[in-house]
Amino acid sequence: NLPARGKVKWKAPSNIALVKYWGKRANQIPANPSISFTLDACATTTSVEYTKKEDISQFSFDLFFEGKPKEDFKPKILTFFERIEEYLPFLKKYHFIIETSNSFPHSSGIASSASGMAALALCLVDIEKSIDKGITDTFFLKKASFLARLGSGSACRSVKGDLVQWGEHKGIAESSNLYGVDYPFRVNPVFKNFHDSILLVHKGQKQVSSTVGHNLMHDHPYAERRFAQAHDNLDKLKKVFESGDLEEFVNIVESEALTLHAMMMTSMPYFVLMKPDTLQIINKIWNFREETNVPICFTLDAGANVHVLYPESVKEKVTQFIQDELVAHCENGHYICDRIGSGAKKL
Ligand code: PMV
(Lines give C-alpha, C1' and ligand atoms only; values in the text may rest on other atoms or scores of the structure.)
Protein backbone atom coordinates (compact mmCIF):
# COMPACT_ATOMS: atom_id res chain seq x y z
CA ASN A 1 0.00 0.00 0.00
CA LEU A 2 2.81 2.41 -0.88
CA PRO A 3 1.66 5.65 -2.50
CA ALA A 4 2.39 5.58 -6.26
CA ARG A 5 3.86 9.06 -6.34
CA GLY A 6 4.16 12.35 -4.52
CA LYS A 7 6.35 15.34 -3.85
CA VAL A 8 7.72 16.96 -0.71
CA LYS A 9 9.73 20.13 -0.20
CA TRP A 10 11.78 21.40 2.77
CA LYS A 11 14.01 24.34 3.54
CA ALA A 12 16.79 23.71 6.04
CA PRO A 13 19.18 26.33 7.40
CA SER A 14 22.91 26.24 7.86
CA ASN A 15 24.36 26.40 11.38
CA ILE A 16 27.44 27.82 13.03
CA ALA A 17 29.08 25.86 15.84
CA LEU A 18 30.10 27.64 19.04
CA VAL A 19 31.73 24.52 20.48
CA LYS A 20 33.15 22.68 17.49
CA TYR A 21 32.78 19.10 16.34
CA TRP A 22 36.13 17.93 15.01
CA GLY A 23 36.93 14.22 15.18
CA LYS A 24 34.57 11.29 14.81
CA ARG A 25 34.24 7.58 15.41
CA ALA A 26 32.59 4.97 13.18
CA ASN A 27 29.03 5.70 11.98
CA GLN A 28 29.41 9.45 12.29
CA ILE A 29 29.57 9.35 16.08
CA PRO A 30 31.21 12.59 17.24
CA ALA A 31 34.34 12.39 19.35
CA ASN A 32 33.06 15.31 21.42
CA PRO A 33 29.77 17.15 21.92
CA SER A 34 29.11 20.39 20.03
CA ILE A 35 26.58 23.21 20.11
CA SER A 36 25.50 25.61 17.38
CA PHE A 37 23.35 28.58 16.53
CA THR A 38 20.93 27.66 13.78
CA LEU A 39 21.12 30.29 11.05
CA ASP A 40 18.29 31.93 9.19
CA ALA A 41 19.27 33.35 5.80
CA CYS A 42 21.78 30.70 4.70
CA ALA A 43 19.65 27.73 3.76
CA THR A 44 19.09 24.95 1.26
CA THR A 45 15.71 24.27 -0.31
CA THR A 46 15.19 20.75 -1.59
CA SER A 47 12.22 19.05 -3.19
CA VAL A 48 11.96 15.33 -3.75
CA GLU A 49 9.48 13.88 -6.22
CA TYR A 50 8.97 10.16 -5.83
CA THR A 51 7.48 7.65 -8.26
CA LYS A 52 7.07 3.94 -7.57
CA LYS A 53 9.20 1.71 -9.81
CA GLU A 54 9.31 -1.97 -10.79
CA ASP A 55 13.02 -2.74 -10.45
CA ILE A 56 13.86 -2.64 -6.74
CA SER A 57 17.42 -3.96 -7.09
CA GLN A 58 19.08 -0.54 -6.95
CA PHE A 59 18.69 3.13 -6.07
CA SER A 60 17.49 5.42 -8.81
CA PHE A 61 17.43 9.21 -8.76
CA ASP A 62 18.01 12.32 -10.85
CA LEU A 63 19.66 15.30 -9.27
CA PHE A 64 19.28 18.97 -10.16
CA PHE A 65 21.21 21.76 -8.50
CA GLU A 66 19.91 25.24 -9.11
CA GLY A 67 17.90 23.98 -12.06
CA LYS A 68 20.68 22.06 -13.81
CA PRO A 69 21.56 18.36 -13.73
CA LYS A 70 24.40 17.82 -11.25
CA GLU A 71 26.30 14.60 -11.89
CA ASP A 72 29.21 15.32 -9.52
CA PHE A 73 26.92 15.42 -6.43
CA LYS A 74 25.53 11.98 -7.24
CA PRO A 75 28.19 9.78 -5.58
CA LYS A 76 27.70 11.64 -2.28
CA ILE A 77 23.93 11.09 -2.43
CA LEU A 78 24.44 7.44 -3.36
CA THR A 79 26.72 6.89 -0.35
CA PHE A 80 24.10 8.63 1.79
CA PHE A 81 21.33 6.37 0.45
CA GLU A 82 23.45 3.28 1.14
CA ARG A 83 24.04 4.41 4.72
CA ILE A 84 20.39 5.19 5.47
CA GLU A 85 18.66 2.38 3.58
CA GLU A 86 18.33 0.24 6.68
CA TYR A 87 16.31 3.07 8.31
CA LEU A 88 14.22 3.85 5.20
CA PRO A 89 13.42 0.49 3.57
CA PHE A 90 11.33 2.14 0.82
CA LEU A 91 14.34 3.83 -0.82
CA LYS A 92 14.84 1.29 -3.61
CA LYS A 93 11.13 1.14 -4.38
CA TYR A 94 10.99 4.66 -5.79
CA HIS A 95 12.64 6.74 -8.45
CA PHE A 96 13.43 10.18 -7.02
CA ILE A 97 13.83 13.54 -8.68
CA ILE A 98 15.83 15.66 -6.26
CA GLU A 99 15.95 19.40 -6.92
CA THR A 100 18.03 21.52 -4.64
CA SER A 101 19.20 25.12 -4.40
CA ASN A 102 21.02 27.30 -1.89
CA SER A 103 20.14 30.79 -0.74
CA PHE A 104 23.85 31.65 -0.76
CA PRO A 105 26.14 31.68 -3.80
CA HIS A 106 27.53 28.25 -4.64
CA SER A 107 31.14 29.35 -4.67
CA SER A 108 30.94 31.37 -1.46
CA GLY A 109 33.07 28.95 0.54
CA ILE A 110 30.06 28.38 2.79
CA ALA A 111 29.62 24.69 3.30
CA SER A 112 26.22 23.58 2.07
CA SER A 113 26.58 20.05 3.42
CA ALA A 114 24.82 20.83 6.73
CA SER A 115 21.78 22.56 5.22
CA GLY A 116 21.77 20.28 2.16
CA MET A 117 21.83 17.00 4.04
CA ALA A 118 19.29 18.26 6.58
CA ALA A 119 16.87 19.33 3.82
CA LEU A 120 17.23 16.00 2.01
CA ALA A 121 16.83 13.98 5.22
CA LEU A 122 13.66 15.92 6.08
CA CYS A 123 12.21 15.23 2.62
CA LEU A 124 12.92 11.51 2.95
CA VAL A 125 11.37 11.22 6.41
CA ASP A 126 8.39 13.18 5.09
CA ILE A 127 7.97 10.54 2.38
CA GLU A 128 8.14 7.87 5.06
CA LYS A 129 5.42 9.74 6.93
CA SER A 130 3.12 9.47 3.94
CA ILE A 131 3.61 5.69 4.15
CA ASP A 132 3.49 5.36 7.94
CA LYS A 133 0.89 7.80 9.26
CA GLY A 134 1.73 6.85 12.85
CA ILE A 135 4.94 8.91 12.93
CA THR A 136 4.71 11.65 15.56
CA ASP A 137 6.19 15.13 15.13
CA THR A 138 8.81 14.52 17.82
CA PHE A 139 9.91 11.26 16.23
CA PHE A 140 9.87 12.89 12.80
CA LEU A 141 12.37 15.61 13.75
CA LYS A 142 14.56 13.19 15.71
CA LYS A 143 14.72 10.79 12.80
CA ALA A 144 15.44 13.58 10.29
CA SER A 145 18.32 14.75 12.47
CA PHE A 146 19.53 11.15 12.89
CA LEU A 147 19.58 10.60 9.12
CA ALA A 148 21.09 14.03 8.39
CA ARG A 149 23.97 13.07 10.71
CA LEU A 150 24.71 10.10 8.49
CA GLY A 151 25.03 12.47 5.53
CA SER A 152 27.20 15.06 7.24
CA GLY A 153 27.73 15.16 11.00
CA SER A 154 26.97 18.83 11.57
CA ALA A 155 23.80 18.52 9.44
CA CYS A 156 22.04 16.93 12.42
CA ARG A 157 22.18 20.38 14.06
CA SER A 158 20.34 22.00 11.12
CA VAL A 159 16.89 20.49 11.65
CA LYS A 160 15.87 22.51 14.70
CA GLY A 161 16.67 25.89 16.15
CA ASP A 162 17.76 28.17 17.59
CA LEU A 163 20.39 26.54 19.74
CA VAL A 164 21.13 22.87 19.13
CA GLN A 165 23.38 20.48 20.98
CA TRP A 166 24.69 17.25 19.51
CA GLY A 167 26.77 14.66 21.35
CA GLU A 168 26.60 13.04 24.75
CA HIS A 169 27.50 15.32 27.58
CA LYS A 170 27.05 14.72 31.27
CA GLY A 171 25.44 18.12 31.84
CA ILE A 172 22.53 17.41 29.49
CA ALA A 173 20.58 14.22 30.07
CA GLU A 174 18.69 14.40 26.77
CA SER A 175 21.82 14.90 24.63
CA SER A 176 22.70 12.13 22.20
CA ASN A 177 25.48 11.14 19.82
CA LEU A 178 22.83 10.11 17.31
CA TYR A 179 20.90 13.36 16.72
CA GLY A 180 20.76 17.01 17.69
CA VAL A 181 18.48 18.24 20.49
CA ASP A 182 17.09 21.66 21.35
CA TYR A 183 19.24 23.15 24.06
CA PRO A 184 17.10 22.40 27.12
CA PHE A 185 18.15 25.13 29.57
CA ARG A 186 17.22 28.74 30.02
CA VAL A 187 18.88 31.09 27.57
CA ASN A 188 19.29 34.75 28.49
CA PRO A 189 17.35 37.09 26.16
CA VAL A 190 20.61 38.78 25.13
CA PHE A 191 21.13 35.79 22.79
CA LYS A 192 17.77 36.32 21.11
CA ASN A 193 18.21 37.74 17.62
CA PHE A 194 21.97 37.25 17.80
CA HIS A 195 23.63 38.19 14.53
CA ASP A 196 26.16 36.35 12.39
CA SER A 197 27.73 38.42 9.62
CA ILE A 198 29.67 36.02 7.43
CA LEU A 199 32.70 37.63 5.83
CA LEU A 200 33.60 35.81 2.62
CA VAL A 201 37.37 35.99 2.69
CA HIS A 202 38.03 33.17 0.30
CA LYS A 203 35.37 31.68 -1.89
CA GLY A 204 37.36 28.79 -3.36
CA GLN A 205 36.98 25.12 -2.62
CA LYS A 206 38.18 23.95 0.78
CA GLN A 207 41.78 22.72 0.85
CA VAL A 208 40.85 19.85 3.11
CA SER A 209 37.51 18.03 3.20
CA SER A 210 35.98 17.73 6.64
CA THR A 211 36.07 13.92 6.32
CA VAL A 212 39.85 14.05 5.97
CA GLY A 213 40.04 16.58 8.80
CA HIS A 214 37.99 14.47 11.21
CA ASN A 215 40.10 11.43 10.42
CA LEU A 216 43.30 13.30 11.20
CA MET A 217 42.12 13.49 14.81
CA HIS A 218 42.64 9.71 15.14
CA ASP A 219 46.39 9.85 15.66
CA HIS A 220 46.47 13.44 16.77
CA PRO A 221 48.83 14.18 19.68
CA TYR A 222 46.36 16.59 21.33
CA ALA A 223 43.10 14.81 20.52
CA GLU A 224 42.12 13.56 23.96
CA ARG A 225 42.85 16.88 25.63
CA ARG A 226 40.86 18.67 22.95
CA PHE A 227 37.83 16.40 23.37
CA ALA A 228 37.91 16.99 27.14
CA GLN A 229 38.14 20.75 26.53
CA ALA A 230 34.95 20.68 24.43
CA HIS A 231 33.09 19.17 27.41
CA ASP A 232 34.52 21.86 29.70
CA ASN A 233 33.52 24.60 27.29
CA LEU A 234 29.96 23.29 27.14
CA ASP A 235 29.78 23.44 30.93
CA LYS A 236 31.08 27.00 30.85
CA LEU A 237 28.63 27.98 28.11
CA LYS A 238 25.74 26.71 30.18
CA LYS A 239 26.53 29.38 32.79
CA VAL A 240 27.00 31.98 30.07
CA PHE A 241 23.67 31.21 28.42
CA GLU A 242 22.00 31.58 31.79
CA SER A 243 23.72 34.80 32.90
CA GLY A 244 24.15 36.51 29.53
CA ASP A 245 27.84 37.14 30.33
CA LEU A 246 29.01 38.20 26.88
CA GLU A 247 32.62 38.66 27.92
CA GLU A 248 32.87 35.00 28.83
CA PHE A 249 30.89 34.06 25.70
CA VAL A 250 33.50 35.84 23.56
CA ASN A 251 36.34 34.03 25.34
CA ILE A 252 34.85 30.58 24.84
CA VAL A 253 33.72 31.07 21.24
CA GLU A 254 36.98 32.58 19.98
CA SER A 255 39.04 29.98 21.81
CA GLU A 256 36.96 27.22 20.20
CA ALA A 257 37.53 28.68 16.72
CA LEU A 258 41.27 28.97 17.20
CA THR A 259 41.48 25.52 18.76
CA LEU A 260 39.76 24.02 15.70
CA HIS A 261 42.40 25.60 13.49
CA ALA A 262 45.17 24.67 15.92
CA MET A 263 44.09 21.03 15.56
CA MET A 264 44.46 21.33 11.78
CA MET A 265 47.84 23.00 12.08
CA THR A 266 49.14 20.29 14.41
CA SER A 267 47.83 17.21 12.58
CA MET A 268 49.95 15.17 10.19
CA PRO A 269 49.62 16.20 7.41
CA TYR A 270 49.04 19.77 8.63
CA PHE A 271 46.91 22.54 7.15
CA VAL A 272 46.56 26.26 7.49
CA LEU A 273 43.09 27.21 6.31
CA MET A 274 43.19 30.82 7.49
CA LYS A 275 44.29 33.42 4.94
CA PRO A 276 46.16 36.66 5.67
CA ASP A 277 42.81 38.49 5.49
CA THR A 278 41.35 36.11 8.08
CA LEU A 279 44.03 37.16 10.55
CA GLN A 280 43.69 40.83 9.70
CA ILE A 281 39.96 40.64 10.37
CA ILE A 282 40.58 38.89 13.68
CA ASN A 283 43.02 41.61 14.74
CA LYS A 284 40.64 44.36 13.72
CA ILE A 285 37.85 42.73 15.72
CA TRP A 286 40.11 42.58 18.77
CA ASN A 287 41.09 46.24 18.39
CA PHE A 288 37.50 47.34 17.88
CA ARG A 289 36.36 45.41 20.93
CA GLU A 290 39.08 46.88 23.08
CA GLU A 291 38.41 50.44 21.93
CA THR A 292 34.61 50.36 22.07
CA ASN A 293 33.72 47.59 24.53
CA VAL A 294 31.22 46.34 21.95
CA PRO A 295 30.83 42.60 22.65
CA ILE A 296 31.52 41.16 19.22
CA CYS A 297 33.54 38.06 18.51
CA PHE A 298 34.55 35.88 15.62
CA THR A 299 34.27 32.20 14.92
CA LEU A 300 35.55 30.07 12.05
CA ASP A 301 34.56 26.91 10.25
CA ALA A 302 37.07 24.69 8.50
CA GLY A 303 37.95 27.50 6.10
CA ALA A 304 39.11 31.10 5.77
CA ASN A 305 35.74 32.86 6.10
CA VAL A 306 35.02 34.69 9.34
CA HIS A 307 31.68 34.62 11.17
CA VAL A 308 31.20 37.80 13.21
CA LEU A 309 28.79 37.23 16.11
CA TYR A 310 27.11 40.04 18.06
CA PRO A 311 23.89 40.87 19.89
CA GLU A 312 21.01 42.86 18.42
CA SER A 313 21.74 45.86 20.68
CA VAL A 314 25.01 46.73 18.88
CA LYS A 315 23.82 46.01 15.35
CA GLU A 316 24.25 49.54 14.03
CA LYS A 317 27.74 50.04 15.42
CA VAL A 318 28.91 46.68 14.13
CA THR A 319 27.38 47.17 10.69
CA GLN A 320 29.27 50.44 10.42
CA PHE A 321 32.50 48.79 11.60
CA ILE A 322 32.12 45.97 9.08
CA GLN A 323 31.58 48.44 6.26
CA ASP A 324 34.39 50.76 7.29
CA GLU A 325 37.03 48.20 8.22
CA LEU A 326 36.24 44.61 7.35
CA VAL A 327 34.63 44.62 3.91
CA ALA A 328 38.01 45.47 2.40
CA HIS A 329 39.23 42.02 3.46
CA CYS A 330 36.36 40.15 1.78
CA GLU A 331 36.71 38.70 -1.70
CA ASN A 332 34.95 41.21 -4.00
CA GLY A 333 33.66 42.91 -0.84
CA HIS A 334 31.12 40.13 -0.31
CA TYR A 335 29.58 39.25 3.04
CA ILE A 336 26.27 37.79 4.19
CA CYS A 337 24.17 39.24 7.02
CA ASP A 338 22.63 36.35 8.86
CA ARG A 339 21.14 35.83 12.28
CA ILE A 340 20.02 33.09 14.60
CA GLY A 341 17.05 31.20 13.15
CA SER A 342 14.37 28.78 14.18
CA GLY A 343 15.08 25.60 12.20
CA ALA A 344 13.86 23.83 9.10
CA LYS A 345 10.49 24.44 7.48
CA LYS A 346 8.19 22.45 5.24
CA LEU A 347 7.26 24.33 2.08
O1 PMV B 1 29.70 18.10 9.33
P2 PMV B 1 31.10 18.04 8.85
O3 PMV B 1 31.61 16.62 8.81
O4 PMV B 1 31.30 18.77 7.56
O5 PMV B 1 32.03 18.76 9.93
C6 PMV B 1 31.97 20.13 10.17
C7 PMV B 1 32.88 20.52 11.26
C8 PMV B 1 32.97 22.01 11.57
O9 PMV B 1 32.13 22.76 10.74
C10 PMV B 1 34.39 22.47 11.34
C11 PMV B 1 32.62 22.26 13.03
C12 PMV B 1 31.17 22.10 13.40
O13 PMV B 1 30.92 21.66 14.52
O14 PMV B 1 30.30 22.47 12.60
Check your understanding: If you go through the stretch 22-41 one residue at a time, how many are touching a strand residue (DSSP E or B) at 6+ places or on another chain (Cβ under 9 Å) and farther than 23 Å from Ile252 by Cβ?
Key -> 1
Practice item. Please specify each residue of the stretch 80-111 satisfying the condition of being touching a Gly at 6+ places or on another chain (Cβ under 9 Å), modelled with pLDDT under 95 and surrounded by fewer than 17 Cβ atoms within 10 Å (Cβ to Cβ). Key: Ser107
Exercise for review: For the stretch 243-258, name all the residues that are among the charged types (D, E, K, R) and within 21 Å of Lys192 (Cβ to Cβ).
Suggested key: Asp245, Glu247, Glu248
Review point. So which of Met268, Met264, Met274, Met217 ends up being among the aliphatic types (A, V, I, L, M) and more than 22 Å from the chain's Cα centre (by Cα)?
Key: Met268
Review point. Does Val190 qualify as being within 17 Å of Asn15 (Cβ to Cβ) and either modelled with pLDDT of 95 or more or crowded, with 18+ Cβ neighbours inside 10 Å (or both)?
Key: no
Check your understanding: Say we look at the stretch 7-17 and pick out the residues that are away from the ligand (no atom under 11 Å from the Cβ) and in contact (Cβ under 8 Å) with a residue 60 or more places away in the chain; which of these is surrounded by the most Cβ atoms within 10 Å (Cβ to Cβ)?
Key -> Pro13
Review point. Which condition number in (1) modelled with pLDDT of 95 or more; (2) out of contact with any Cys (no Cβ under 8 Å at 6 or more places or on another chain); (3) within 16 Å of Val159 (Cβ to Cβ) is the one that Phe64 fails?
Key: (3)
Practice item. Answer yes if at least one residue in the stretch 286-301 is touching a residue at least 60 places away in the same chain (Cβ under 8 Å), part of a helix (DSSP H, G or I) and farther than 23 Å from Val212 by Cα, and no otherwise. Key: no
Exercise for review: Return a yes/no flag: does the stretch 112-135 have any residue that is modelled with pLDDT of 95 or more, away from the ligand (no atom under 16 Å from the Cβ), crowded, with 19+ Cβ neighbours inside 10 Å and closer than 16 Å to Ser342 by Cα.
Suggested key: yes
Exercise for review: Mind listing whichever residues of the stretch 18-70 are in contact with a Ser or Thr (Cβ under 6 Å, 6 or more places away or on another chain), hydroxyl-bearing (Ser, Thr, Tyr) and within 16 Å of the ligand (Cβ to nearest atom)?
Suggested key: Tyr21, Thr44
Review point. What tally of residues in the stretch 189-205 results from selecting those that are part of a loop (DSSP other than H, G, I, E, B) and closer than 30 Å to Phe140 by Cβ?
Key: 3
Review point. Within the stretch 127-135, can one find any residue that is out of contact with any Pro (no Cβ under 7 Å at 6 or more places or on another chain) and of a type in the set (Ser, Thr, Tyr)?
Key: no
Exercise for review: Hey, could you check the stretch 126-161 for residues that are part of a helix (DSSP H, G or I), among the hydrophobic types (A, V, I, L, M, F, W, C) and without any contact (Cβ under 8 Å) to a residue 24 or more places away in the chain and say which is nearest to Ala344 (Cα to Cα)?
Suggested key: Leu141
Practice item. Please tell me if Pro295 is under 26 Å from Phe241 (Cβ atoms), away from the ligand (no atom under 16 Å from the Cβ) and either among the hydroxyl-bearing types (Ser, Thr, Tyr) or over 20 Å from the mean Cα position of the chain (by Cα) (or both). Key: yes
Point to revise | Top-ranked residue of the stretch 55-79 - restricted to ones that are among the charged types (D, E, K, R) and loosely packed, with under 12 Cβ neighbours inside 10 Å, ranked as nearest to Thr211 (Cα to Cα) | key: Asp72
**Study point:** Near pairs, Cβ below 9 angstrom, 6+ apart or cross-chain, from the stretch 67-78 (under 17 Å from Ala121 (Cβ atoms)) to any residue that is in a strand (DSSP E or B) and of a type in the set (Ser, Thr, Tyr)
**Key:** Phe73/Thr100
Point to revise | Residues being within 24 Å of Lys203 (Cβ to Cβ) and modelled with pLDDT of 95 or more - total across the stretch 306-332 | key: 17
Review point. Can you find a residue in the stretch 141-155 that is in contact with a Lys or Arg (Cβ under 7 Å, 6 or more places away or on another chain) and at positive phi?
Key: no
Practice item. Give the residues of the stretch 317-344 that are in a helix (DSSP H, G or I) and touching a Lys or Arg at 6+ places or on another chain (Cβ under 9 Å), sorted by residue number. Key: Phe321, Glu325, Leu326, His329, Glu331, Asn332
Exercise for review: Quickly run through the stretch 136-157 and pick out the residues that are among the charged types (D, E, K, R) and within 15 Å of the ligand (Cβ to nearest atom).
Suggested key: Arg149, Arg157
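The values are calculated or read from the model by the stated rules, or taken from the named source; none is laboratory data. Since the model is a prediction, treat every value here as computed from it, not as a measurement. For neighbour counting, all protein chains shown are included, and Cβ atoms are generated from backbone atoms with ideal geometry for every residue, glycine included.
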